[in-house]
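This report refers to the structure that appears directly beneath it.
The values are calculated or read from the model by the stated rules, or taken from the named source; none is laboratory data. Please read these numbers as outputs of a predicted model, since none were measured by experiment. Cβ coordinates were reconstructed from backbone atoms using ideal geometry, including for glycine residues, and neighbour counts include every protein chain displayed. To get the accessible areas, we keep the full protein, side chains included, count just its heavy atoms, and leave off ligands, DNA and RNA. Shrake-Rupley method; radii C 1.70, N 1.55, O 1.52, S 1.80 Å.
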Amino acid sequence: GVTKGCNPPDNTEFCPDDPVTRGQMAAFLVRAFGYSNVGSASFVDITGNVFADNILKLAAAGITKGCNPPTNDRFCPTNNVTRGQMAAFLHRAIGD
């Protein structure tokens, strides 16, 4: 249940060779860790994005603050996740 596919909302394809976007990564982590609180984060670039609710849940859980520090008013949902960023997200999700 962690991944549903790479072509939402149909999710009929997996795309094993595609990179993972920040929006997709948010959905993976929300499903894996069961985050449910949407919180009050406001990213100016997620309106209408299929992963918007997952992004807000990830922010409410303290896993992300944004992609443009120190302002952090953007999430950059279509940018790819680097290995370093993924490591940081997992570290925050799993804890010490």
- Message: Residue under question is residue 1, and the condition is that it be in a loop (DSSP other than H, G, I, E, B), open to solvent by 90 Å² or more (accessible area, probe 1.4 Å) and of a type in the set (Gly, Ala, Ser); does it hold?
- Response: yes
Filter region 50-96 for residues that are of a type in the set (Gly, Ala, Ser) and part of a loop (DSSP other than H, G, I, E, B); the one that is modelled with the lowest pLDDT is 95
*asked:* Kindly evaluate residue 34 against the criterion of being more than 19 Å from residue 93 (Cβ to Cβ) and open to solvent by 50 Å² or more (accessible area, probe 1.4 Å).
replied: no
For this session: Kindly indicate whether any position in region 57-74 is touching a Cys at 6+ places or on another chain (Cβ under 8 Å), among the basic types (Lys, Arg), within 23 Å of residue 6 (Cα to Cα) and surrounded by 14 or more Cβ atoms within 10 Å (Cβ to Cβ).
Result: yes
Legend entry - Residue check, residue 12 among the β-branched types (Val, Ile, Thr), surrounded by fewer than 16 Cβ atoms within 10 Å (Cβ to Cβ), part of a loop (DSSP other than H, G, I, E, B) and within 14 Å of the chain's Cα centre (by Cα): no
Per the list (1) among the hydrophobic types (A, V, I, L, M, F, W, C); (2) at positive phi; (3) modelled with pLDDT of 95 or more, residue check on residue 15 breaks on (3)
Original post:
In this structure, does residue 41 turn out to be buried (at least 17 other Cβ atoms within 10 Å of the Cβ), among the aliphatic types (A, V, I, L, M) and at pLDDT below 95?
Top reply: yes
